[in-house]
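Written below as structure tokens is the structure these notes are about.
The values are calculated or read from the model by the stated rules, or taken from the named source; none is laboratory data. Not measured: the values here are computed from a predicted model. Cβ sites come from the backbone with ideal geometry, for glycine too, and all protein chains shown count toward neighbours.
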Amino acid sequence: MNHLYYGDNLDVLREDIDTESVDLIYLDPPFNSGKDYNVLFKSPSGEDSQAQIQAFEDTWHWSSESERFLEQLKFKNGNLAELLDLMVRQFGRNDLSAYLVMMAVRLVELHRVLKPTGSLYLHCDQNASHYLKLILDTVFGINNFRNEIIWHYYNKYSAGKKCFARNYDQIFFYSKTSSYTFQPLREKRDEPVKQLVRENVNGVLKNKKDANGNCIYRIVDDKKVDSVWRIPCLQPASKEMLRYPTQKPLALLERIIQASSNPDDVVLDPFCGCGTAVHAAQKLGRKWIGIDITHLAIGIIENRLKEAFPDVEYEVHGTPKDLQGAIDLANRDKYQFQWWACSLVDAQPYQGKKKGADGGIDGQIFFTDIEKGKSITKKIIVSVKGGKNISLTMLKDLIATVQGNKAEIGLFITLASPTKPMLKEAASRGFYKAGNGREYPRIQILTIEELLNGKLPEYFDAGMGELAFKKSQRETKVIGKQMELF
Ligand SMILES: C[S@@+](CC[C@H](N)C(=O)[O-])C[C@H]1O[C@@H](n2cnc3c(N)ncnc32)[C@H](O)[C@@H]1O
């Protein structure tokens, strides 16, 4: 069975993942770049909906938790505790040390859950790669270091001020023991045209164009995959782009999974983001476990899987299954609750301003209606309330926002039951007449309990299906094909 967990991967690893139960681990943790990552949404018609949401932070601070991790490591792995002690003394109790300690405790657990024949691929960049390598050498043993893979994304450069532009990430590949699964791979290597002219290669020559239509590369020959991986970064127009920050290309994950696992093996991604590893594992006929700490990511993955593999079966853990779970989540974290509630109705989460035209918008649902024979994109504005006390004023705010934004429908999602005056106010707002001739209430109120029982907002979508996130492409499973990737 496949599993998707919402939660901190340290807790999930310690509580839910058995020792020696996983064949392959890929992890792409935040890199300690000091940046915050936002998800940018566009409306289905392409115009900028200005919906922008902070998905995750990439900044770490030394805290009592870091001290606790250091203490725990003394009992789990003495050598590692000594190494970290040295690093902490050298760097001080700062953001970098906090990041390294956070990673170290997780790598110890990841090593534990890996089967003796298994491998781990840690994706990172220059911000902390050299320190992470020391930690990995200590956890896995220096003899089990297999490769430092350079992912050279030749179509994107991170311009640096007064230094050379960076155009690669590093991926450290370790096996748990010396007896591990590995399939050598071959690729059709791209080489720059200029080089080709000099080399006089006899292989297949074919023009290849970049995004601007310029011919810059030619496919040369079938070569053994080496440790420099020339795979382009996703571009905004890429078909697989879901607009999740730091989303990695499927080709990268397919290569890792094909090289270091067999069909039906278990692939684990403990920082799974929008689920690229999960998608690649499913496509290649592996079982998978994905973990992420935000409901935003879990919602996107569920959508991605629904689009790409309509029949896929998996269990979701850690997301509320009943009213009590929803109350717990609302008490714990207002934004996670809002993202989760939005995912129940396939709404794009939205971080509107507190006041003004965007006031109180927590999500948007875009749908297509037909007017005078033409398809037109329409909008439902969603407001989510997780508190015990809800009032008529809150509903009136939503009504004003719906009017101000020229939306067709307002959807008020609430944990608490609506009051009679609220129900009366909603009913007094009349109906929206859709292209199919039917009428739908302009202001709809749904409780979390009703949503959990399967009730959904009422509207007509001539475009078929919801458009909450950019749709992933439908996939067909490829099982047992190990060789070519391009
Ligand atoms: C760099 S992104 C991964 C992107 C992913 N490889 C993809 O292709 O979409 C890192 C992810 O780790 C998640 N994350 C950060 N800390 C976490 C933790 N302690 N447990 C689980 N997930 C975490 C973030 O929410 C974010 O989605």
Checking the structure you have, find out if any residue of the range 288-298 is without any contact (Cβ under 8 Å) to a residue 40 or more places away in the chain and in a loop (DSSP other than H, G, I, E, B). no
Looking at (1) more than 24 Å from residue 121 (Cα to Cα); (2) touching a strand residue (DSSP E or B) at 6+ places or on another chain (Cβ under 6 Å), which is the only condition residue 323 fails? (2)
Go through the range 245-259 and count every residue that is in contact with a helix residue (DSSP H, G or I) (Cβ under 6 Å, 6 or more places away or on another chain), in contact (Cβ under 8 Å) with a residue 40 or more places away in the chain and within 12 Å of the ligand (Cβ to nearest atom). 2
For residue 432, only one of the following conditions fails: (1) at pLDDT 90 or above; (2) touching a Ser or Thr at 6+ places or on another chain (Cβ under 9 Å); (3) in a strand (DSSP E or B). What is its number? (2)
Exactly one condition in (1) surrounded by 19 or more Cβ atoms within 10 Å (Cβ to Cβ); (2) within 21 Å of residue 12 (Cβ to Cβ); (3) of a type outside the set (Lys, Arg) is not met by residue 331; state its number. (1)
Mind checking whether some residue in the range 368-383 is in contact with a Pro (Cβ under 6 Å, 6 or more places away or on another chain) and assigned to a strand (DSSP E or B)? yes
Residue that is part of a loop (DSSP other than H, G, I, E, B), free of Cβ contacts under 8 Å to residues at least 24 places away in the same chain, more than 32 Å from the chain's Cα centre (by Cα) and surrounded by fewer than 21 Cβ atoms within 10 Å (Cβ to Cβ), where the choices are 437, 454: 437
Restricting to the range 300-334, name every residue that is without any contact (Cβ under 8 Å) to a residue 60 or more places away in the chain and either small (Gly, Ala, Ser) or part of a strand (DSSP E or B) (or both). 325
Condition first: buried (at least 20 other Cβ atoms within 10 Å of the Cβ) and basic (Lys, Arg). Can you find one or more residues in the range 247-266 that meet it? yes
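When you scan the range 232-272, how many residues do you find that are modelled with pLDDT of 95 or more and either within 13 Å of the chain's Cα centre (by Cα) or not in a helix (DSSP H, G or I) (or both)? Spell out how you get there, then give the answer.
Within the range 232-272, the subset modelled with pLDDT of 95 or more is 248-272.
Subset that is either within 13 Å of the chain's Cα centre (by Cα) or not in a helix (DSSP H, G or I) (or both): 248-250, 261-272.
So the answer is 15.
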Against the definition (assigned by TED's automatic domain parsing to the domain that holds residue 257, out of contact with any helix residue (DSSP H, G or I) (no Cβ under 6 Å at 6 or more places or on another chain), in contact (Cβ under 8 Å) with a residue 40 or more places away in the chain and of a type in the set (Lys, Arg)), how does residue 115 come out, yes or no? yes
Any residue in the range 393-416 that is over 23 Å from residue 438 (Cβ atoms) sitting within a Cβ distance under 7 Å of a residue that is part of a helix (DSSP H, G or I) and at pLDDT below 95? List the pairs, counting only those 6 or more apart or interchain. 415/326; 415/327; 415/330
In this structure, does residue 96 turn out to be outside any helix (DSSP H, G or I) and modelled with pLDDT of 90 or more? no
Picked from the range 279-309 (must be near the ligand (Cβ under 9 Å from one of its atoms) and hydrophobic (A, V, I, L, M, F, W, C)), the residue surrounded by the fewest Cβ atoms within 10 Å (Cβ to Cβ) is 293
Within the range 70-119, count every residue that is more than 20 Å from residue 174 (Cα to Cα) and within 26 Å of the chain's Cα centre (by Cα). 5
